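Structure record follows, encoded as structure tokens.
The values are calculated or read from the model by the stated rules, or taken from the named source; none is laboratory data. Source: prediction; values computed, not measured. In this analysis, Cβ positions are derived from the backbone assuming ideal geometry, glycine residues included, and neighbour counts consider all displayed protein chains. Remember, those area values only see protein heavy atoms, side chains included, never the ligands or the DNA or RNA. Shrake-Rupley method; radii C 1.70, N 1.55, O 1.52, S 1.80 Å.
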Amino acid sequence: MAVNPLPAKNILSRYTAKGFSHPIWAARADRLQSASGVLLGLFLIMHLHFESSILLGKEAFYQVAQFLEGGIFSETGHGFPILTQIFSVVMLLVVLIHAVFALRRFPTQIGQWRALRQQMKFLPHEDTKIWFWQMISGFLLFFLVPVHLFTMITNPEIGPHLSAERVVYQNAWVLYVLLLPAVTIHAIFGLYRVSVKWGLVTQRFALLKLAKVMLAYLMVLGVASLVAYIIIGRSLSLPVVPFVPGL
């Protein structure tokens, strides 16, 4: 008597990968990783420009800070620090989502690291080097970004004097010196890789040159802003009084 063969569906189910190894879930994870990465990358570009308003003077930064905190909806014109807290919590969640999906591709064994290094020596492709530095910077950001966001959640007050106090008297400059290059490299090259991966651009080499120019520009902008905060902070005496326009 012939034995009925198992249905093809049952046979395939035995060998079907589970979790993020499944092609469907892997594709979804890639999309979520890319979407969250684009969101974080664009936010970084805007954030560095908002912070750089300090280069235009205390008054300019004060007005930008009050606008971002919803000062236009206040009778006094003073913003609502709770908005900074809420936004920081949301961004922390986005960072965690991005990190979870990104860790799928992170080498976890010594052999994988050795294979990666050998590949980079044998085939020194620039995109492979970019991916390597994105991985290293992402590892650093896993520890640095939460510290920065937790600070903004627990102490959301911002302003020319209060932000400068945080940088100088609370030694936040140490964090920012490490955070600035890591987050800039990760974000800019991440946007480049997403554009190439999803076919958003055809001129890959031109886009890579633009990414490098953008990276240098944001680094200069960030360093200049940090120096400005340090100069302001060193001119303040404790206890620091919040900045008041016109005084």
inquiry  = Let me check something: with ligands and nucleic acids excluded, how do 186, 78 order by accessible area (1.4 Å probe), largest to smallest?
reply    = 78, 186
request  = List the relative contact order of segment 169-247 as a percent without decimals, with contacts defined as Cα pairs under 8 Å and 6+ residues apart.
outcome  = 36 percent
query = Say R0 is 35 Å: what FRET efficiency, to the nearest 0.05, do residue 55 and residue 210 get from their beta-carbon distance?
reply = 0.90
ask   = Taking N as the number of residues in segment 155-209, what is its Cα Rg relative to 2.2 N^0.38 Å?
value = 1.71
remark   = Under a 1.4 Å probe, counting only protein heavy atoms, residue 202 has an accessible area in Å², nearest 10, of 130 Å²
inquiry  = Need one value: the accessible area of residue 38 in square angstrom, 1.4 angstrom probe, rounded to the nearest 10.
reply    = 50 Å²
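Keeping all protein chains in place, calculate the accessible area per residue for segment 26-235 (probe 1.4 angstrom), answer in Å².
Here the per-residue accessible area is 57 Å².
Would you list 83, 178, 56 from the most to the least accessible area, probe 1.4 Å?
Values: 83 75, 178 100, 56 145 Å².
Descending order: 56, 178, 83.
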